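Engineer: What follows is a single structure, and I will ask about it in a moment.
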Amino acid sequence: MSKNVSKERRERLIEEIKEIKTYIASAPQDENTATLLTYIAEIEKDIKNKKYGLVFEEHREAVDELLETHTPVLTEEKELFIDNGGKMNFLIEGDNLAALKLLEKTHKGKIDIIYIDPPYNTGKEDFIYNDRYVGCDDMFRHSKWISFMEKRLRLAQALLSNDGAIFISIDDNEYAPLKLICDEIFGAENLLSVHHIQVRFTNKSLNERKAFQECVEYVLIYAKNAAHFPANRPQVEYSLEAFKYKINELASPIKLKVGDRDVEVFRKGEWEIEQVSANIDNLKETWVTGSIYSGTGHGAIYQKIVEPRLAIDGYQCLYKVYGLGEDGLGYRYFSGPQKPSATKGKMFTGVPIARRKEIENGQAIKLGVIPNIYDFSPDFGNIRHEGGVGFNSGKKPTKLLKQLINYHKRKDITVLDFFAGSASTGHAVLDLNYEDSGNRNFILCTNSEKNICREIAYSRLKNVISHHNVASLKYFKIDYIPISEKLYYEYADELLHHIRELVELENGINFTGNDEIAILLTEEELDAFAASMSENTACKTIYLGHDVLTSETQEKLFKKYNITVNVIPDYYYRDLEG
């Protein structure tokens with residue numbers, strides 16, 4: 001019986017702590033004893049915490065400090081608005097932690113696909129923490145990275161819809177801790193796959209001094225709820241004819257000597273069926289027996305199973321037949337007929353029994369699988385040409401991203417990338433919509449480092465939108481309003497000026513220059529709008545501030561002119577009111 005030594009140690013420590021608490025409680029009470037009891041309680045709590053999972057030194061970022069004294073808001077860069085009809089998309093410039101906190105107000109449980117390509121933390125100026133690159137000599141390099149990621153992934157999990165999924169690109173540097181933290185946040189039971197992506201050609205060495213060359217990266221795929229994410233799998237149609245082959249009368253065998261065994265190989269045309277005449281009880285490998293109908297009688301056949309699972313088809317026998325086409329191993333497996341009289345002269349590929357029954361009933365069936373190994377090395381090699389912008393090392397091939405996004409069966413999904421870089425994800429969404437007439441939209445967040453958001457991401461999206469002549473784009477920046485040492489009413493009016501952007505983000509709409517919708521945030525704006533209404537009013541929908549009250553006369557006017565009233569929710573900044 002195994003013993004949990006760590007558990008025993010924790011229990012012993014807890015007992016010792018109880019004795020200390022008892023001693024302190026019996027001593028004269030003052031401020032010092034109260035403080036000591038508080039310290040002891042904190043130590044006891046830490047000891048009792050779960051001990052399985054990723055353990056790391058937690059770090060605070062500068063943005064954490066900023067968010068304690070300020071609240072993030074969105075401000076539109078109106079001169080960058082691309083009004084091209086179609087679905088509205090959004091590009092947000094600023095710290096992605098602040099962006100995620102804003103999205104938590106507008107898109108909680110509403111994001112269908114999240115794809116992120118976070119910094120890989122290679123120690124080569126790819127990961128910036130508090131405005132400084134984290135190098136290989138930083139003893140807290142890994143804990144800083146996982147602290148950075150953990151906060152963002154928890155917010156991402158809250159944003160996912162019930163049938164949503166997240167895709168995370170990563171390499172060997174942080175794969176292991178990322179997998180552990182994702183298992184904790186998303187649930188190990190919701191891991192759908194770890195895709196292995198070949199990103200460079202194996203014969204092109206990146207470092208001649210290294211014996212082992214890294215050619216593969218990974219994409220971790222987690223569902224919000226695995227049961228509710230039936231992946232869009234490629235469909236292949238099967239019919240009986242695709243698996244039916246006829247065995248003619250076998251020719252005389254060729255006798256071979258394999259070790260201490262006598263082996264007979266029967267040949268007929270291009271087919272070779274390996275047959276062993278040795279006593280199978282003495283064989284060291286796993287073999288199975290069966291029989292075939294050859295036209296002259298039944299003959300015992302013994303065949304080594306390379307993959308035992310292939311033999312579990314209900315027919316108890318598997319034959320290895322050569323010369324029927326390449327399957328990666330140089331041969332194909334065939335299962336023998338259950339009743340020779342019923343299936344005279346026929347052999348079938350090693351298809352699972354349920355599938356075989358459907359085929360034999362005359363029903364063509366469609367099946368599909370998604371492998372987890374892909375070679376995208378040619379696409380990574382040509383990545384500099386994509387999007388018409390630079391930033392080559394920060395791109396992912398649109399072919400890869402389109403494949404991942406297309407795992408979701410619906411074509412009207414919302415896609416989020418909060419490590420957007422050069423906007424490869426937005427490019428992929430626009431391409432997919434163009435190719436399959438989809439109605440997807442995207443929200444991209446990236447920082448302002450080296451002006452990447454405006455000069456790279458925005459330029460690329462502008463190029464793609466212009467090429468496809470579809471979709472619109474709004475460009476938002478994150479600003480901050482100081483809230484510390486102030487009462488809510490002292491900055492409430494300032495927050496009111498940023499409600500419009502949140503309403504646009506949440507509903508995928510545009511108020512600027514749009515006569516069909518309006519936003520009314522004050523009583524004065526409502527009165528002025530009501531006074532201007534007439535038979536010629538183009539407006540069909542208004543968004544009304546939650547604390548703006550309509551009169552009976554105004555409500556009758558809205559009804560008369562068929563205007564829909566949507567009350568803006570108060571949750572955008574409700575958490576600040578206390």
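Engineer: Within segment 80-97, can one find any residue that is without any contact (Cβ under 8 Å) to a residue 40 or more places away in the chain and either under 30 Å from Tyr434 (Cβ atoms) or not assigned by TED's automatic domain parsing to the domain that holds Phe418 (or both)? Working first, answer last.
Structural biologist: Going residue by residue through segment 80-97, those that are without any contact (Cβ under 8 Å) to a residue 40 or more places away in the chain are none.
Within segment 80-97, none of the residues are without any contact (Cβ under 8 Å) to a residue 40 or more places away in the chain and either under 30 Å from Tyr434 (Cβ atoms) or not assigned by TED's automatic domain parsing to the domain that holds Phe418 (or both).
Engineer: Please report, ordered by residue number, the strands (runs of 3 or more DSSP E) entirely within segment 365-424 with at least 3 residues that are at pLDDT 90 or above. Reasoning before the result, please.
Structural biologist: Working: elements: 365-367, 373-375, 414-417.
Correct list: 414-417.
Engineer: So, in segment 472-500, of the ones that are out of contact with any helix residue (DSSP H, G or I) (no Cβ under 7 Å at 6 or more places or on another chain) and either under 20 Å from Leu430 (Cα atoms) or among the small types (Gly, Ala, Ser) (or both), which residue ends up surrounded by the fewest Cβ atoms within 10 Å (Cβ to Cβ)? Don't jump to the end; show me each part of the working.
Structural biologist: Restricting attention to segment 472-500, the residues satisfying the condition of being out of contact with any helix residue (DSSP H, G or I) (no Cβ under 7 Å at 6 or more places or on another chain) are 472, 477, 479, 485-487, 489-500.
Still in the running and either under 20 Å from Leu430 (Cα atoms) or among the small types (Gly, Ala, Ser) (or both): 472, 492.
Values: Ser472: 18, Ala492: 13.
Checked segment 472-500; the qualifying residue surrounded by the fewest Cβ atoms within 10 Å (Cβ to Cβ) is Ala492.
Engineer: Take the residues of segment 529-541 that are surrounded by 15 or more Cβ atoms within 10 Å (Cβ to Cβ) and hydrophobic (A, V, I, L, M, F, W, C): which is modelled with the lowest pLDDT?
Structural biologist: It comes out as Met533.
Engineer: Output the number of the condition that Asn121 fails; it satisfies all remaining conditions of (1) surrounded by fewer than 17 Cβ atoms within 10 Å (Cβ to Cβ); (2) of a type in the set (S, T, N, Q); (3) more than 17 Å from the chain's Cα centre (by Cα).
Structural biologist: Tallying (1) surrounded by fewer than 17 Cβ atoms within 10 Å (Cβ to Cβ); (2) of a type in the set (S, T, N, Q); (3) more than 17 Å from the chain's Cα centre (by Cα), Asn121 fails exactly one: (1).
Engineer: Hey, another quick one. Would you mind finding the one in Ile146, Ile181, Ile168, Ile111 that is farther than 21 Å from Asp64 by Cβ, in contact (Cβ under 8 Å) with a residue 60 or more places away in the chain and in contact with a helix residue (DSSP H, G or I) (Cβ under 8 Å, 6 or more places away or on another chain)? Spell out the reasoning first.
Structural biologist: On the way: Ile146 fails: farther than 21 Å from Asp64 by Cβ; Ile181 fails: farther than 21 Å from Asp64 by Cβ; Ile168 fails: in contact (Cβ under 8 Å) with a residue 60 or more places away in the chain.
Answer to the check: Ile111.
Engineer: Assess whether Asn469 counts as being more than 25 Å from the chain's Cα centre (by Cα), under 17 Å from Asp83 (Cα atoms) and either surrounded by 15 or more Cβ atoms within 10 Å (Cβ to Cβ) or of a type outside the set (A, V, I, L, M, F, W, C) (or both).
Structural biologist: Yes; evaluated as a whole, the condition is true for this residue.
Engineer: Among the residues of segment 139-163, which ones are surrounded by fewer than 20 Cβ atoms within 10 Å (Cβ to Cβ), farther than 23 Å from Glu217 by Cβ and not small (Gly, Ala, Ser)?
Structural biologist: Selection gives Met139, Phe140, Lys151, Arg154, Leu155, Asn162, Asp163.
Engineer: Now for a separate question. For segment 505-528, which positions are more than 22 Å from Leu103 (Cα to Cα), out of contact with any Phe, Trp or Tyr (no Cβ under 7 Å at 6 or more places or on another chain) and crowded, with 19+ Cβ neighbours inside 10 Å?
Structural biologist: Within segment 505-528, just Leu526 meets the criteria.
Engineer: Do we find that Ile456 is hydrophobic (A, V, I, L, M, F, W, C) and in a helix (DSSP H, G or I) in this structure?
Structural biologist: On the way: hydrophobic (A, V, I, L, M, F, W, C): yes; in a helix (DSSP H, G or I): yes.
Spelling it out, Ile456 is indeed hydrophobic (A, V, I, L, M, F, W, C) and in a helix (DSSP H, G or I).
Engineer: Condition first: assigned by TED's automatic domain parsing to the domain that holds Phe419, in a helix (DSSP H, G or I) and not charged (D, E, K, R). Can you find one or more residues in segment 159-171 that meet it? Before the answer, list the steps.
Structural biologist: Narrowing segment 159-171 to residues assigned by TED's automatic domain parsing to the domain that holds Phe419: 159-171.
The next check asks that each one be in a helix (DSSP H, G or I); those that pass are 159.
Now restrict to residues that are not charged (D, E, K, R): 159.
Yes, that holds for at least one residue.
Engineer: Count, please, the residues in segment 422-457 that happen to be buried (at least 24 other Cβ atoms within 10 Å of the Cβ) and of a type in the set (Gly, Ala, Ser).
Structural biologist: Residues meeting the conditions: 6.
The values are calculated or read from the model by the stated rules, or taken from the named source; none is laboratory data. The structure displayed is predicted, hence computed values, not measured ones. Every residue, glycine as well, gets a Cβ built from its backbone with ideal geometry; the counts of neighbours run over all protein chains shown.
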